[in-house]
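The values are calculated or read from the model by the stated rules, or taken from the named source; none is laboratory data. None of the values given here were measured: they were computed from a predicted structure. Cβ placement follows ideal geometry from the backbone for every residue including glycine, while neighbour counts extend to all protein chains displayed. The area values use the complete protein model at the heavy-atom level, side chains included, leaving out ligands, DNA and RNA. Shrake-Rupley method; radii C 1.70, N 1.55, O 1.52, S 1.80 Å.
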Amino acid sequence: MVTTAIERDMWMGRRWDDRTSSVAESPPGGRSAVERVARGLGWFSIGLGVAEATMPSRMARMIGIEDNDAHRRILLTTGLREIATGVAILAGTRTAGAVWARVGGDMLDLAFLRQARGSSERERGRAAAATAAVLGVTALDAITGQQLSRERGPGVRGIKVNETITIAKPPAQVYEFWRDFRNLPRFMDHLESVEVIDDTRSRWRARAPAGGSVAWDAEIVDDRPHERISWRSVEDADVQNAGSVSFRPAPGGRGTEIHVDFRYDPPAGKLGAAVATLFGEEPGHSVKSDLRRLKQVLETGDVVRSDASIHSGMHSAQPSGNAKSRGATR
Amino acid sequence: MKANCWMGKKKLEVREVPDPQILNSRDAIIRVTSTAICGSDLHIYNGFIPTMEKGDILGHEFMGEVVETGSAVKNLKVGDRVVVPFPTACGACNMCQRDLFSLCENSNTNAWIAEKLMGHSPAGLFGYSHMLGGYAGGQAEYARVPFADVGPLKVPEGLSDEQVLFLSDILPTGYMGAEMCNIQPGDVIAVWGCGPVGQFAIASAKLLGAERVIAIDRFPYRLRMAAERAGATDTINYQQESVLERLKELTGGRGPDACIDAVGMEAHGHSAIYAYDRLKQAMMLETDRPIALREAIMACRTGGTLSVIGVYGGFIDKFPMGALMNKSITLRTGQTHVHRYLRPLLDRIERGEIDPSFVITHRLRLEEAPSAFEMFLNKEDGCEKVVLSA
């Protein structure tokens, strides 16, 4: 944790000799105004949560509710919830979701305030003030949540994948291999088959985990030989997807850099679940594995296998097999 | 076939398992005639290596006779006698093309796991966890060898198994350790660890022209072997005297020109820092113990080289980065690129410049592997190197 004032200022992005400046430089990568507000809410959550959890009596009296055992317990739980939400916001991965969680928490707080407020005039006055404050924060939370969701891009469910690998073969050779789509199932694990319909159209079939398959038609929207192939799924596809794969010369005679860049929308309903497991929690992982296999096929002739890897799921590193026994060595 | 299988921390069983088969057209199947237990196997035995599964076959130092080849293998035929390098390497990727075989970009079938831990994946290894490929090891009656057209070295007539077995790992490892020191005439080299790899590092340093080679350990029998068989000019027992002081004395205050760490992650010490490291490990705050490493950095002369061939797996604490940087020390390290040393070292063996069999102290049967591991771990019965045959 930061200790000195200088460290704190450096942590917050200001130049250490310019602490009087009121403009905070944004940390590397930059944060939008909305994200900064969200972070502020995160810190606010933590501060409030700590207060509720450590000083429930005082908090109860401040917001105009009766200071009894039951209320103190509720305040403690609420405090812990606030801290957790604050941490979730600051951790940064699902910020929008965490901010929406705040809204949910705010609703609970409002309900609690209404139900628990004391009867004296002073207490009612305080509860009213507290309620107004919570309503204000709720509005801020809701607006922030909405802005964040919008900032993430169109279609919150749209999944973006970007992966790259270097293959020690010339770009022309790698392009030609990929361009013949019938080669793709050799290294794309989940693909069953690709049927070429005409110059630009093809029909893709992928395995669904519970058996059976999902299929879609795709068309090439841009084809630059030895450089880039862009495609898009055709209307009504089970899995809407669009993207491109580019083939760039790697520097220093290292071969080809392949960059795969695509986005897909997992469909809703029962197909949605199937496709989600198909591509896994981390679709990037699945695509990277495919690229590794492509590299193996082009550089070594075949997908590399180990005694454990030929099985899906965990298997010990020992042969499994129905090879006939070779006979004891003694 | 019988194979030595890892069944849990400090639990090994020699079990009946299926025979290996050809999985890729560039495979070969070897009937194992000799195999050995490596110091790095002990890290697996002691539970320090993650991603092990019950039933994994251990062993990465093995040799034997070819009994079957895949359709794409033209350089070997049934009956050939070969030694197999412990990293699996394809020969075609950028790393293999640069002779960095232990960094093969293709052979680790579970590259994604290693990538999570290390940023990028090294090559797959025989019998050394799923993070490094999930390949069955060679402490068995038979072994499947991928990329048989790249790895295995044909053994000429007239050389026994014991003379060439260690080309699979420990001899090239010791040699690479010495080579990374970039030894110049007059150089003094200090070697931490007198296990078999340390012995070969000492012998290699002599072969490469070092003026003095100082062996450091705590077991008198190992220090004796270093002096009498490996060619060490001086020995230091760190439980009896201060290593740093003795090294200064032996180098006129300069410090050794290069320091070789042939100890690795399970280093032993006897000071407070050792207790600290063990405590941190127990609390899971540190995975490796860099005791020898720290001492080597302190001992090394300014501008010198630190050559690390001891195996590390995870993270260390209290690393003297300031000393390393301000003394301008070059750190060179890596798993051995065995393939590039096979022929040159075989030549040296044939010319009589080195007979690696001097480290062998025990010759046992494969079935005795579990108890042999315990003996090797505890350095009982003057154990230096155990060779197993089926």
In the stretch B:130-145, residues that are among the charged types (D, E, K, R) and either more than 8 Å from chain A (Cβ to nearest Cβ) or in contact with a Cys (Cβ under 7 Å, 6 or more places away or on another chain) (or both) total 0
Selected residue (criterion: farthest from the other protein chains (Cβ to nearest Cβ)) from residues of the stretch A:275-325 that are open to solvent by 40 Å² or more (accessible area, probe 1.4 Å) and at pLDDT below 65: A:ALA276
Read through the list (1) facing chain A (nearest Cβ under 9 Å); (2) touching a Ser or Thr at 6+ places or on another chain (Cβ under 7 Å); (3) open to solvent by 10 Å² or more (accessible area, probe 1.4 Å); (4) hydrophobic (A, V, I, L, M, F, W, C), then give the number of the only condition that B:ILE49 fails. (1)
Taking the stretch B:348-390 and keeping residues basic (Lys, Arg) and without any contact (Cβ under 8 Å) to a residue 24 or more places away in the chain leaves B:ARG351
Going through the stretch B:77-104 one residue at a time, which ones are outside any helix (DSSP H, G or I) and at the interface with another protein chain (Cβ under 7 Å from one of its Cβ atoms)? B:CYS90, B:ALA92, B:CYS93
Could you list, in sequence order, the residues of the stretch B:11-67 that are farther than 22 Å from B:LEU377 by Cα and either in contact with a helix residue (DSSP H, G or I) (Cβ under 7 Å, 6 or more places away or on another chain) or free of Cβ contacts under 8 Å to residues at least 12 places away in the same chain (or both)? B:THR33, B:MET63
Hydrophobic (A, V, I, L, M, F, W, C), at pLDDT 95 or above, surrounded by fewer than 18 Cβ atoms within 10 Å (Cβ to Cβ) and in a strand (DSSP E or B): does that describe B:MET63? no
Can you find a residue in the stretch B:181-193 that is touching a helix residue (DSSP H, G or I) at 6+ places or on another chain (Cβ under 9 Å) and among the polar types (S, T, N, Q)? no
Those residues of the stretch B:111-124 which are open to solvent by 10 Å² or more (accessible area, probe 1.4 Å) and either of a type in the set (A, V, I, L, M) or facing chain A (nearest Cβ under 7 Å) (or both), in sequence order: B:TRP112, B:ILE113, B:LEU117, B:MET118
Select from the stretch A:43-102 the residues that are more than 23 Å from A:GLY145 (Cα to Cα), of a type in the set (D, E, K, R) and not in a helix (DSSP H, G or I) and list them in ascending order. A:GLU66, A:ASP67
Taking the stretch B:144-182 and keeping only residues that are in a loop (DSSP other than H, G, I, E, B) and buried (at least 24 other Cβ atoms within 10 Å of the Cβ), one is left with B:PRO146, B:PHE147, B:ALA148, B:GLY151, B:PRO152, B:ASP169, B:CYS181
Would you check which residues across the stretch B:146-158 are within 12 Å of chain A (Cβ to nearest Cβ) and in contact with a Ser or Thr (Cβ under 8 Å, 6 or more places away or on another chain) and list them? B:PRO146, B:PHE147
Condition broken by A:GLN173, with the remaining ones in (1) loosely packed, with under 14 Cβ neighbours inside 10 Å; (2) in a helix (DSSP H, G or I) satisfied: (1)
Go through (1) open to solvent by 20 Å² or more (accessible area, probe 1.4 Å); (2) within 11 Å of another protein chain (Cβ to nearest Cβ); (3) assigned to a strand (DSSP E or B) one by one and return the number of the condition B:VAL14 breaks. (2)
